[in-house]
Amino acid sequence: MEAFVINGAKKLEGEVTLHGAKNSALPILTASLLIKGTSVIHNCPDLTDVRNTLDILTGLGCKVSYNGETAVIDSTVVDINTISRFQTKKMRSSILFLGALLGRLKSGEIYLPGGCKIGERPVDLHLDSLSRLGADIICDGEKLSFFANKLEGEEIKLDFPSVGATENIMIAAVLSSSTTTIINAAREPEISDLADFLNKAGARVRGAGEYVIKIEGVKSLHSVEHTVIPDRILASTYMSICASAKGSILIKNVRLSHLTPIIPVFYSLGCRMNAGADILQIISKHRPKSVENITTKPYPYFPTDSQPMLSAVLCTAKGKSSITESIFENRFIYANGLKALGADVYEKDNTLYINGVKRLYGARVKATDLRGAAALVTAALGAKGRTVIENIAYIDRGYESLEKGLSSLGADIKRFEYEEGYKEN
Ligand code: UD1
């Protein structure tokens, strides 16, 4: 197992470049299964979830190469339609192979997905929607067996704009026989990126990024080359880290429009920002100001994935703040780690109440999920003294060599291996 050791309270200065968005790369790689040809995907971040997705594609018969930046998937031949329980359990996005296998082979067998335990995370919207397109899906315990004689377009109104369900419908409907309409579709930038990828391959997807998406089925898709959009959640992570540790960070390869829900929050914390075409400089000199309440909501509102890192910043804000989580039921599990660092926080009715303290102090803590781990890193970089964060495998699911980017800014952060139950001298 691996841990970070961080000596905090060092001002950060310098520049970092955003890698490709995890939440774009995963659906795009999965959708490459639909193409009888080659997909060349640039800016594909080197994350464990990306490697797992590429392993699944290989297991289904695709020829895959990856140099840590560009993935090449030749899916001319796909002759296996089952994914093992072990592989599907590794990440939530494996459920997108349901749509991809239905679209490509019209049948398959996978298992209910795994992923971070930040809530119940059911897949009912995925299963109901794909059934509406004509799939027979049998759920036997954790096993999902599915087949379809034919997938036909439908009008599907989602009860909630689920990111994954929107993607699964798009992926399955691209090769269907008529037009599918998704009403109340998710509008996250990653949905538009998936649509761009599919359209470049010959699909007809209109309205991505809006309330209604229309997917006109086509007979086949052709080889494609695509560059994944920059990771907006990584941008918000660096912004939080700057607000926590103080200093000045120039973030390169930014899509400012994707940060519209995030930038005003950092202004209200008292950070200064300078923006260029694809750069954002954030400067933080003083103790952050508190915020009355931030509520996470689907895009274009404040993202749930940025919530834990923002909480970490607010722990040392001047005054009281609160954050309400409206997407996942169990997304404050990292708060115990913040408390161990000296934060004065408590959770009630899906809201985290934060009474800002002057300083946090280093401690030994354990990561519990991907963004919760990023929150602990954010807090530790601003805290006085030495923090050890165990279980950082979570970080590697969504951040490519995070410690390298942070070290280049002047942070004192190192990765080390440990055995379960180790004791410090
Ligand atoms: C995606 C992102 C994740 C992000 C989330 C919300 C990826 C790989 N992951 O996850 O980082 O936090 O969007 O922006 O892109 N729900 C149901 N039934 C369903 C599907 C979802 O009840 O069938 C619920 C979920 O339990 C959750 C909410 O809807 O409470 C949001 O889920 P969803 O938008 O689907 O998130 P994911 O696609 O899992």
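Values computed for the structure shown
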{"read-out": "Cα-centre dipole for the range 314-425 with unit charges at Cβ (Lys and Arg positive, Asp and Glu negative), debye to 20", "value": "560 debye"}
{"read-out": "Percent RCO, i.e. relative contact order, over the chain, from Cα pairs under 8 Å lying at least 6 residues apart", "value": "21 percent"}
{"read-out": "Rounded FRET efficiency, nearest 0.05, which uses the C-beta distance separating residue 128 from residue 359 and R0 of 60 Å", "value": "0.75"}
{"read-out": "Cross-link partners of residue 157 among lysines (Cα-Cα below 30 Å; sequence separation of 8 or more within a chain)", "value": "22, 89, 90, 106, 117, 143, 200, 214, 219, 297"}
{"read-out": "Among 330-341, 126-137, the order from most to least packed when residues are scored by Cβ within 10 Å on average", "value": "330-341, 126-137"}
{"read-out": "Neighbour cut-off at most 13 other Cβ (10 Å), DSSP loop, trypsin sites (Lys or Arg not before Pro), the range 345-425", "value": "358, 423"}
{"read-out": "R0 of 30 Å, Cβ-Cβ distance residue 36-residue 212: FRET efficiency to nearest 0.05", "value": "0.55"}
{"read-out": "Nearest 10 degrees, 0 to 90: helix 370-382 Cα axis against the chain principal axis", "value": "20 degrees"}
{"read-out": "Residue range of the chain that is longest and free of GluC sites (Glu not before Pro) which are both DSSP loop and sparsely packed (at most 14 other C-beta within 10 Å)", "value": "330-418"}
{"read-out": "Note, ³J(HN,Hα) from phi for the range 18-25, Karplus 6.51, -1.76, 1.60, rounded to Hz, x at Gly and Pro", "value": "6, 8, x, 6, 3, 6, 9, 4"}
{"read-out": "Computed E for residue 66/residue 222 - FRET, C-beta separation, R0 25 angstrom, nearest 0.05", "value": "0.70"}
{"read-out": "Spin-label proximity, residue 145 to the range 78-118 - amide N less than 19 Å from point 7 Å beyond Cα toward beta carbon", "value": "80-86, 88, 98-99, 101-103, 105-113"}
{"read-out": "With DNA, RNA and ligands ignored, accessible area of residue 315 (1.4 Å probe; Å², nearest 10)", "value": "0 Å²"}
{"read-out": "With eigenvalues of the C-alpha gyration tensor scaled by 5 and rooted, the range 107-190, Å", "value": "20, 18, 10"}
{"read-out": "Alpha carbon centroid spacing (whole Å) that separates the range 16-41 from the range 138-181", "value": "20 Å"}
{"read-out": "Area of residue 65 that stays accessible when all protein chains are in place (1.4 Å probe, Å², to 10)", "value": "60 Å²"}
{"read-out": "Antiparallel %, DSSP beta bridges [both residues in the chain], to 5", "value": "75 percent"}
{"read-out": "Chymotrypsin sites (Phe, Trp or Tyr not before Pro) lying in DSSP loop within the range 185-273, provided at most 15 other Cβ fall within 10 Å", "value": "211"}
{"read-out": "All lysines inside 22 Å of residue 414 as judged from Cα atoms, apart from same-chain residues fewer than 8 positions distant", "value": "10, 11, 246, 366, 384, 404, 423"}
{"read-out": "Rounded percent of accessible protein surface that carbon and sulfur make up, the range 244-299, 1.4 Å probe", "value": "52 percent"}
{"read-out": "0 to 90° range, to nearest 10: angle between helix 189-200 axis and the chain longest Cα axis", "value": "30 degrees"}
{"read-out": "Amide H partners (placed H, <5 Å) of residue 2, local residues excluded", "value": "391, 392, 393, 418"}
{"read-out": "DSSP-assigned coil residues among trypsin sites (Lys or Arg not before Pro) in the range 173-241, each with at most 16 further Cβ atoms within 10 Å", "value": "219"}
{"read-out": "Net dipole in debye of the chain [+1 Lys, Arg Cβ; -1 Asp, Glu Cβ; about Cα centre; nearest 20]", "value": "1360 debye"}
{"read-out": "Computed helical MRE - 222 nm, the chain, DSSP H runs ≥ 4 contributing -39500 (n - 2.57), nearest 500", "value": "-8500 deg cm²/dmol"}
{"read-out": "Rounded to the nearest 20 debye, dipole of the range 370-425 from Cβ charges on Lys, Arg, Asp, Glu", "value": "260 debye"}
{"read-out": "Karplus (6.51, -1.76, 1.60) ³J(HN,Hα), θ = phi - 60°, over the range 336-351, in Hz, Gly and Pro reported as x", "value": "4, x, 5, 4, 4, 8, x, 6, 9, 9, 8, 10, 8, 6, 6, 10"}
{"read-out": "The range 288-322 versus the range 249-273: alpha-carbon centroid distance in Å", "value": "14 Å"}
{"read-out": "Extension reserve of the residue 51-residue 283 stretch, reckoned as 0.36 nm per residue once the Cα distance is removed", "value": "80.1 nm"}
{"read-out": "Residue-normalised accessible area of the chain, expressed per residue, 1.4 Å probe, Å²", "value": "39 Å²"}
{"read-out": "Accessible surface of the range 332-425 [probe 1.4 Å, protein heavy atoms]: carbon and sulfur percent", "value": "46 percent"}
{"read-out": "Nearest-ten-degree value, helix 232-245 long axis tilted from longest Cα axis of the chain", "value": "10 degrees"}
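The values are calculated or read from the model by the stated rules, or taken from the named source; none is laboratory data. As the structure is a computational prediction, the values presented were derived from the model and not from experiment. Heads up, the Cβs are rebuilt from the backbone with ideal geometry, glycines too, and the neighbour counts pull from every protein chain shown. Accessible surface is based on the protein model in full, side chains and every heavy atom, while ligands, DNA and RNA are left aside. Shrake-Rupley method; radii C 1.70, N 1.55, O 1.52, S 1.80 Å.
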